[in-house]
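These notes concern the structure reproduced below.
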Protein chains: 2
Amino acid sequence: MKIVVIGIGLIGGSLVRDLRGLPERPSVLGMDKNPDHLDQALSLGLIDAPAEPADLATADLVIVSIPVDHVVRELPGLLAKVGEETLVIDAGSTKAPICQAVSGHEKRRNFLACHPIAGTEFTGPDAAISGLFQGKVNIICEVEQTAFRIQERALELFRHLGMRIRYMSPEAHDRHIAYVSHLSHISSFMLGKTVIEKEQNERDIFDMAGSGFESTVRLAKSSPAMWTPIFEQNRENVLETLDEYIANLQEFSDQLRENRYEDLYRQMDNTNRIKDILKGIPQQKQE
Amino acid sequence: MKIVVIGIGLIGGSLVRDLRGLPERPSVLGMDKNPDHLDQALSLGLIDAPAEPADLATADLVIVSIPVDHVVRELPGLLAKVGEETLVIDAGSTKAPICQAVSGHEKRRNFLACHPIAGTEFTGPDAAISGLFQGKVNIICEVEQTAFRIQERALELFRHLGMRIRYMSPEAHDRHIAYVSHLSHISSFMLGKTVIEKEQNERDIFDMAGSGFESTVRLAKSSPAMWTPIFEQNRENVLETLDEYIANLQEFSDQLRENRYEDLYRQMDNTNRIKDILKGIPQQKQE
């Protein structure tokens, strides 16, 4: 089995880390615009060698794990170069623009649109970890556009990675993910910004910051190069979630300003229901 | 040594868990308005017996770990009943209203105003854990108002718990803590609320929610009974931080609406600096 991974960062690197454990050890070739990342991936043993464009035609699997603006720009050209039996997957956090970019493509049936819900706030090949996808959800969009035998091979790989599959339309994916992922990142980035702007003396921040602040602001460490194009591609949905979030914060602020403490209590009490919802996450993982 | 703990939840319970390990094993008596919590604290071995009001006069240490509205209401009466040598500490997340409540009190010099920056989103005696305070900061306010020999005994206890001490005025405490703790809780509560309101089908939430959402929304599990009075007591500071947070979110939203992606990128890139600030937290812990 021959794997070509395009973009060897946290996601691409973690995928090949686990895929190297397949019964028939695959050969893994890599491409990355950043020559340092390519060197690191080699010395970390994530890839066996750099990939040449010609390798796309003979690859069994091509993993496209690059920022979503690059996916939209480069996927059509990459897809044109792959072999008849090559499976191409992506891992982008937006699905409608990516599916649209290859809609009607002569090799559309070689591509499976994926979003593995897994990651950390870190980037680059040295952020790649084993078992990252174990028990996590992989959202597959427009599955009917992919050749059946190629779907089957993809599912086998995802089973090896320990992933749970959910099928969804690209539009539904982008709408829901705006709430449970994209909005969290904005809320965290703006929290970090607000605190940094205010606290000129950083010692005051980290001395008084507890684990609560640390967890709420964690996503503000994320890569702007990855997230700017995600917000651009999912602009309409993100703007809608942001409007609702700001309206809720404004309502909270108004209630506090007007000393309406029973209303504040009730809001927080209702939101405590998130406990049960979050409990669902690990339980589902053990399926 | 005789300890009376008033309010045996996460903080009170965790404090006595560790203080039981003092060389001369102290006797620990407890009070709690919730009879179930008192029973649990007994059966968990956190306390030896329920406390009587008369125990306040003979206690060496009284820990007041109840919601901040109860502290303000009950601390003056409790303080009036303690012995000449009793050390009284609180653990409230607001300091100005609490210090004001006992300002000029005949036993003011027996009280040390504290805020240990430690906790989890859980509540009750069964949430109490050992080592919770190890390496954490304890903010002490108006130290000059406490008798010197009583301060010394407090510092010895905090050393046993592994805490790092910082001294601050109640006003500075309340202003800074609004940013690094109170605002995080509101941002998290409102994120949870926004997502719950939108996602009628909860299965969609937990299936698509990754660790990013989980960490950002974690504080939305916190107790409204504890947090409503904190927001009330720190109303002015919290309103100011909230206004700034909303303004930053609104600016982000405007930039996205106007397709100003370079501005979005720059904001996130500047906020990435939070990495270095957060790195300070564990480093400081190892001092």
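The values are calculated or read from the model by the stated rules, or taken from the named source; none is laboratory data. Quick caveat, the model's predicted, so the values are computed rather than measured. Glycine gets a Cβ as well: all are built from the backbone with ideal geometry, and neighbour counts include every protein chain shown.
Name the residues in the range A:89-126 that are crowded, with 19+ Cβ neighbours inside 10 Å and either on the phi > 0 side of the Ramachandran plot or touching a Phe, Trp or Tyr at 6+ places or on another chain (Cβ under 7 Å) (or both), would you?
Once the filter is applied, which keeps residues that are crowded, with 19+ Cβ neighbours inside 10 Å and either on the phi > 0 side of the Ramachandran plot or touching a Phe, Trp or Tyr at 6+ places or on another chain (Cβ under 7 Å) (or both), the range A:89-126 yields A:Val102, A:Pro116, A:Ala118, A:Gly119.
Quick check on my filter: what residues within the range A:221-240 are out of contact with any His (no Cβ under 9 Å at 6 or more places or on another chain), more than 7 Å from chain B (Cβ to nearest Cβ) and assigned to a helix (DSSP H, G or I)?
If the condition is that a residue be out of contact with any His (no Cβ under 9 Å at 6 or more places or on another chain), more than 7 Å from chain B (Cβ to nearest Cβ) and assigned to a helix (DSSP H, G or I), then A:Ala225, A:Met226, A:Gln233, A:Glu236, A:Glu240 are the ones that fit.
Just to be sure, is B:Ala154 away from chain A (no Cβ under 11 Å) and under 15 Å from B:Val62 (Cα atoms)?
Criteria met by B:Ala154.
For residues that are outside any loop (DSSP other than H, G, I, E, B), more than 7 Å from chain A (Cβ to nearest Cβ) and closer than 17 Å to A:Asp69 by Cα, tally how many sit in the range B:241-262.
Number of matching residues: 1.
So which of A:Asp55, A:Asp18 is closer than 20 Å to A:Phe158 by Cβ, in the same structural domain as A:Ala127 (by TED's automatic domain parsing), in contact (Cβ under 8 Å) with a residue 40 or more places away in the chain and surrounded by fewer than 23 Cβ atoms within 10 Å (Cβ to Cβ)?
Result: A:Asp18 is the single residue among A:Asp55, A:Asp18 that is closer than 20 Å to A:Phe158 by Cβ, in the same structural domain as A:Ala127 (by TED's automatic domain parsing), in contact (Cβ under 8 Å) with a residue 40 or more places away in the chain and surrounded by fewer than 23 Cβ atoms within 10 Å (Cβ to Cβ).
Quick one: count up the residues across the range A:143-164 that are in contact with a Lys or Arg (Cβ under 8 Å, 6 or more places away or on another chain) and more than 16 Å from A:Val16 (Cα to Cα).
Of the residues in the range A:143-164, 5 are in contact with a Lys or Arg (Cβ under 8 Å, 6 or more places away or on another chain) and more than 16 Å from A:Val16 (Cα to Cα).
Within the group A:Thr94, A:Thr120, which residue is assigned by TED's automatic domain parsing to the domain that holds A:Ile47, β-branched (Val, Ile, Thr), out of contact with any Ser or Thr (no Cβ under 6 Å at 6 or more places or on another chain) and under 18 Å from A:His70 (Cβ atoms)?
A:Thr94
Considering each residue of the range B:169-196, count those that are without any contact (Cβ under 8 Å) to a residue 40 or more places away in the chain and more than 7 Å from chain A (Cβ to nearest Cβ), and give that number.
Final tally of qualifying residues: 2.
For the list (1) surrounded by fewer than 21 Cβ atoms within 10 Å (Cβ to Cβ); (2) more than 23 Å from B:Gly162 (Cβ to Cβ), I need the number of the one condition that B:Ile129 fails.
(2)
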